[in-house]
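To start, the structure itself, in structure tokens.
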Amino acid sequence: MYDFLILDDHTDKIMGKPSIYPTGVTIYDKEKAYNGYTVYNSEYGAAVIDMNGRLVKVWEGVETPLKPMPDGNIMGSLGQIPGPPGAASKRHLFQLDWNGKVVWHFTNNKKVKTKDGEEYMASAHHHDFEREGCSPGYYTPVCEPMLKGGKTLILTHNRKYDLAISDKSILDERIIEVEEDGRIIWEWNSCDHVDEFGLDEAARKAIFAYPAVSGDWIHINSIAALGPNQYYDAGDLRFAPENIICSSKQLSIIFIIEKATGKVVWRTGPNYNETPEMRKLGQIIGQHCVHMIPKGLPGEGHIMVFDNGAFGGYGSPTGCAPTGIDIHRRHYSRVIEFDPVTLEIVWEYSKAIKHGERVMELGAGAFSSSYISSAQRLPNGNTLIDSGADGIFIEVTHEKEIVWEFVNPIPNPHLPDVLQLFVYRAYRIPYEWIPQLEKPEEISVQPVNISEFRVPGSFPLGDKESVSTKFNF
């Protein structure tokens, strides 16, 4: 999914974080956590760990984006179609069973030509897909993604020129829906809807002159059908179950596509001062993993998003954004759950401290992931959060207590040092989704007194009284 341009690879560590730290599971309260397996993309492939961090399964070579499925199946990606940072795509989208047998395979999207003149058909997908049966593709007790016979929603893109947007070559984000046999039965193209995204004149001028990196002017990074919800049941047609909620990282907007017409019927941003409700929601920047919490889970019908912060949006040039690209900046991340009608935040996880309408941001950067990342609501009301840039997963209660924490121990040596531990998304699944394995033993991790935690050769501070010098004025 990512091709990286390495400007300087002399970094020995992630600045601001320790060079040496424990990895694997570092916090685990089995009485408070939602126990199951966690699935994520690792250097080895699609990896499955138990609650104590033991590796119990790897589908070698399976790349991100990937999603777990029932009965020990996995959907994943393979083969990079080269592209600029963040704008590459994949050759193959497939479903594997427990033994690695390919039970579904899609490449029938577009013809790709290599530098050597070779041509091949490819899925050309990036960032996200969703199998029919359960949105947004993670576990809920009332529905499951279809192992057979289901349609698949896929995020792809095409390169084109469109003078209504820019005089440069741009990427047109394209969402397709395919039948099990690979036939494309529905599609939506972002460039056809540029007037529906709420962009002001300054933003349109910035996009025209500088359409982000390599023309990736909108950069959609998540798509999900809304699924059954109480708002549609109450008569609000914007939230029809088949409608699709999308995240545009570059525009810093969240929007819903009406499946029947392709029109944008709901959005937040890009100007979060547009209404009092958006102003209270606050500026969303560079977000990932946007979805409606599916039916059967606490908070069902609410919108959940990993709001990365960092940078995003277009507008008038500033000192930090002289070209009008990435005008919005925030040095910390937050995971928010909000009502899609009132836009009221009903739950938030961040390290910012709120005093009424004021937010104290000093120290808020302790929770920050400038790109990728995910959030998943669990059946017991907890939330699994992947702070993707550092490869750290936490499970937090509604009261924001961390009851499980995992630090990715497997670096990817093919990436720059500061990117080697990144994990695009992480998913918690119930033990029943992998019937091929016996339920593992669950052992709570005893809390560690971090002030006394030492590596070999490092000694305790010792007795303060024996080395103190006292003085008096």
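The values are calculated or read from the model by the stated rules, or taken from the named source; none is laboratory data. Predicted model, so just to flag it, every value in this text is computed and none were measured. Note that we place each Cβ from the backbone using ideal geometry, even for glycine, and neighbour counts take in every protein chain shown.
Out of the residues in the range 333-358 meeting the condition of being touching a residue at least 24 places away in the same chain (Cβ under 8 Å) and aliphatic (A, V, I, L, M), tell me which one is surrounded by the fewest Cβ atoms within 10 Å (Cβ to Cβ). If you could, list the steps in order and put the result at the bottom.
Step one: of the range 333-358, the residues touching a residue at least 24 places away in the same chain (Cβ under 8 Å) are 333-347, 349.
Going one step further and asking which of them are aliphatic (A, V, I, L, M), we end up with 335-336, 341, 343, 345-346.
Values: V335: 23, I336: 21, V341: 14, L343: 18, I345: 15, V346: 12.
In this case the residue turns out to be V346.
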- Query: What is the one condition in (1) among the small types (G, A, S); (2) at positive phi; (3) more than 29 Å from the chain's Cα centre (by Cα) that S466 does not satisfy?
  - Reply: (2)
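Per-residue answers, yes or no, for (1) closer than 27 Å to E144 by Cβ; (2) part of a loop (DSSP other than H, G, I, E, B):
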| residue | (1), (2) |
| --- | --- |
| S214 | no, no |
| I218 | no, yes |
| I223 | yes, no |
| P228 | yes, yes |
| G235 | no, yes |
| S247 | yes, no |
| L251 | no, yes |
| T261 | no, yes |
| R267 | no, no |
- Single match in I185, I154 (criterion: surrounded by 16 or more Cβ atoms within 10 Å (Cβ to Cβ) and either assigned to a loop (DSSP other than H, G, I, E, B) or aliphatic (A, V, I, L, M) (or both)): I154
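Please verify whether G137 is of a type outside the set (S, T, N, Q), over 26 Å from the mean Cα position of the chain (by Cα), at pLDDT below 95 and not in a strand (DSSP E or B), treating the condition exactly as stated. Break it down into steps so the answer makes sense when it comes.
On the way: of a type outside the set (S, T, N, Q): yes; over 26 Å from the mean Cα position of the chain (by Cα): no; at pLDDT below 95: yes; not in a strand (DSSP E or B): yes.
Judged against the criteria, G137 is not a match.
Please enumerate the residues belonging to the range 155-183 that are touching a residue at least 40 places away in the same chain (Cβ under 8 Å), hydrophobic (A, V, I, L, M, F, W, C) and out of contact with any Cys (no Cβ under 8 Å at 6 or more places or on another chain).
Residues of the range 155-183 touching a residue at least 40 places away in the same chain (Cβ under 8 Å): 155-159, 165-171, 173, 175-176, 178, 180, 182-183.
With hydrophobic (A, V, I, L, M, F, W, C) added as a condition, the list becomes 155, 165, 170-171, 175-176, 178.
The answer is L155, L171, I176, V178.
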- Item | Residue among S214, S252, S248 that alone is in contact (Cβ under 8 Å) with a residue 12 or more places away in the chain and either among the aliphatic types (A, V, I, L, M) or closer than 19 Å to I154 by Cα (or both) | S248
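Looking only at strands (runs of 3 or more DSSP E) that fall completely inside the range 67-115, which ones have 1 or more residues that are closer than 22 Å to I185 by Cα and more than 19 Å from the chain's Cα centre (by Cα)?
On the way: elements: 73-81, 89-96, 102-106, 110-113.
Hits in the range 67-115: 89-96, 102-106, 110-113.
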- Restricting attention to the range 415-463, and to residues there that are polar (S, T, N, Q) and over 27 Å from the mean Cα position of the chain (by Cα), which single residue is surrounded by the most Cβ atoms within 10 Å (Cβ to Cβ)? S444
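What do you reckon, is D326 under 15 Å from the mean Cα position of the chain (by Cα) and part of a strand (DSSP E or B)?
Values: under 15 Å from the mean Cα position of the chain (by Cα): no; part of a strand (DSSP E or B): yes.
So D326 does not fit the description; no.
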- Message: Checking P294 against (1) within 22 Å of E173 (Cα to Cα); (2) crowded, with 22+ Cβ neighbours inside 10 Å; (3) not hydrophobic (A, V, I, L, M, F, W, C): exactly one of these is not met. Which one?
- Response: (1)
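Report yes if T268 is modelled with pLDDT of 95 or more, surrounded by fewer than 22 Cβ atoms within 10 Å (Cβ to Cβ) and among the β-branched types (V, I, T), otherwise no. Break it down into steps so the answer makes sense when it comes.
Working: modelled with pLDDT of 95 or more: yes; surrounded by fewer than 22 Cβ atoms within 10 Å (Cβ to Cβ): no; among the β-branched types (V, I, T): yes.
No, not satisfied.
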- From (1) in contact (Cβ under 8 Å) with a residue 60 or more places away in the chain; (2) surrounded by 21 or more Cβ atoms within 10 Å (Cβ to Cβ), pick out the condition that doesn't hold for G83. (2)
- Note on the structure: Going through (1) of a type outside the set (F, W, Y); (2) within 30 Å of L147 (Cα to Cα); (3) in contact with a strand residue (DSSP E or B) (Cβ under 7 Å, 6 or more places away or on another chain); (4) not in a loop (DSSP other than H, G, I, E, B) one by one, V403 fails only at (2)
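Does V396 count as β-branched (V, I, T) and touching a Lys or Arg at 6+ places or on another chain (Cβ under 6 Å)? Let's see the steps before the verdict.
Working: β-branched (V, I, T): yes; touching a Lys or Arg at 6+ places or on another chain (Cβ under 6 Å): no.
No, not satisfied.
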